[in-house]
1. Order 133-140, 220-227, 51-58 from most to least packed using the mean count of other Cβ atoms within 10 Å.
2. Please sort 183-189, 286-292 by packing, taking for each peptide the average over its residues of neighbouring beta carbons within 10 angstrom, highest first.
3. What list of ³J(HN,Hα) values in whole Hz, one per residue of the stretch 49-59 in order, does the Karplus curve 6.51 cos²θ - 1.76 cosθ + 1.60 (θ = phi - 60°) give from phi, with Gly and Pro shown as x?
4. Roughly how many debye, to the nearest 20, is the charge dipole of the stretch 32-124 about its Cα centre, given +1 on each Lys and Arg Cβ, -1 on each Asp and Glu Cβ, and no other charges?
5. Given a 1.4 Å probe and the protein chains all in place, what does the accessible area of His179 round to, in Å² to the nearest 10?
6. For a test of the definition: using alpha carbon positions, the gyration tensor, and the 1.5 limit on a/c, classify the stretch 162-231 as rounded, prolate or oblate.
Amino acid sequence: MDQLKQFISIYGYKGFARLLLYPVLILFEMPVKLLATLWNCRLLLYRDISAYPAFSLWNAMNNRFYHTRALNLKRFGRNGKSPYLGLGDYQLSRCFHYSLFSLYTFTYAGAFVVLISMLLWLGAHLVWYSQVDTLWLGIVLALTLISTNFYANTFRMQNYNAVGWVFFPVFLWACFHQHWWVAGAALFLQTFGSFTATVIGTGVLGALSLWHLEILPLLMAAPACLKLGGHFYPFFINGDFKQIITNVMKAIGMIGGKAVKYRRTQSRKLNARFVYLFLLHAQFGMVLLWQSSWEIPVLFGLMLGFFVVNGFLVRFADDQSMFISLLSAGLVYVLQAPYN
């Protein structure tokens, strides 16, 4: 109640009314806003794209963090040391979670890379073309295009990881139809764009392997795991594997301990934001259950489970990664809705 009063004090009763009418207003407001933003993006077609690191000043300044990492990785390599990071003599093996292709392209042309990646992510859902009605596919993708989730991911939240999410719709399509070889190939392609997307995809294949009592899904994750495993070889060269992995586990909340300089998790307590987002997605999951005669939507359930783990137990991914993974999994079942 206190938070509701605070919201009204900031945005007024008009803002509260807009919040209640959001599902209706978005159908009229977002197309206009999206078209206006895309029209402004025309500058990327005939100007130096490297001059546009992001779509907002705040993101452009924040993205300099990635520019610094990319520059040091180019100069000294993943198994080298940087005199310019931290207190000096910084082990760049700690940058194991960066996929160099997406990191370098993002630091060269951040706004362009994210925009193209998100449009490709949306277009990748055309893989459903032969399985669903063309008109229904067009309606679903059009509504996704004008959603605040897509807009926020494209113009506000996504970073170099967007390159990896391009292949996620194909990965989920393959998992849904149990085309495990295609799923493995899509997951491998994700490794060039996003460590996070690959970890989530590997978790999906592992869970589906247990769900179907079949070893093949898990085996299909092997090429991607081997590719990412190559990111860890500097640990063994430098002999600091245990220390760095321990610090990473502390930072994401996997194990306890205070001796860490950077912590992604501050508390394991529930908060209003987490509860709101969970209930928002959980009610969608309940509709899926009801609509499919209580057949468990496994892929969406897995993503919701990852969201709970990430928000409440171990923060292994940023919010935008959770949002786009839930949106991707939700689209799988929305596209199938007329056939259930």
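The values are calculated or read from the model by the stated rules, or taken from the named source; none is laboratory data. Given the structure is predicted, the values throughout are model-derived calculations rather than measurements. Note: ideal-geometry Cβ built from the backbone for every residue, glycine included; neighbour counts use all protein chains shown. Heads up: the accessible areas ignore ligands, DNA and RNA and are worked out on the full protein's heavy atoms, side chains in. Shrake-Rupley method; radii C 1.70, N 1.55, O 1.52, S 1.80 Å.
1. 220-227, 51-58, 133-140
2. Packing order, densest peptide first, comes out as 183-189, 286-292.
3. 3J(HN,Hα) across the stretch 49-59, in whole Hz: 5, 6, 7, 10, x, 6, 8, 9, 5, 4, 5.
4. That gives a dipole near 100 debye.
5. Rounded to the nearest 10, the figure is 80 Å².
6. It is oblate, given that a/c is not under 1.5 and a/b is not larger than b/c.
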